[in-house]
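Since every read-out is calculated from the coordinates, none of them should be taken as a lab result. All figures in this text were calculated on a predicted structure; none of them were measured in a lab. Note: ideal-geometry Cβ built from the backbone for every residue, glycine included; neighbour counts use all protein chains shown.
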């Protein structure tokens, strides 16, 4: 399983992501291709909102692509989400040595 971070450009008027965003990301997915297990919203993250998408995938590239497809489908299903532009869909690099 991979945790993919969808980094979003903040809404131009400062609005927060709707609470329904997580549900929208899991709707309409192809159960075989996009095995999205869980979605977590971090609407207050700085400098930009982040959506965490947990994806079962064969590799990192497929996980990132599945999360990006989920965002695209959510925007099509709920056009107001288009106010938050997708900046990146990437598995974050973790540095355990920085946690000390």
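Scanning segment 78-88 for residues that are in contact with a helix residue (DSSP H, G or I) (Cβ under 6 Å, 6 or more places away or on another chain) and surrounded by fewer than 18 Cβ atoms within 10 Å (Cβ to Cβ) yields 78, 82, 86. Counting residues in segment 5-15 that are closer than 15 Å to residue 88 by Cα, in contact (Cβ under 8 Å) with a residue 60 or more places away in the chain, outside any loop (DSSP other than H, G, I, E, B) and touching a helix residue (DSSP H, G or I) at 6+ places or on another chain (Cβ under 6 Å) gives one or more.
Across segment 35-61, the number of residues qualifying as touching a residue at least 40 places away in the same chain (Cβ under 8 Å), crowded, with 16+ Cβ neighbours inside 10 Å and either farther than 14 Å from residue 88 by Cβ or touching a helix residue (DSSP H, G or I) at 6+ places or on another chain (Cβ under 8 Å) (or both) comes to 5.
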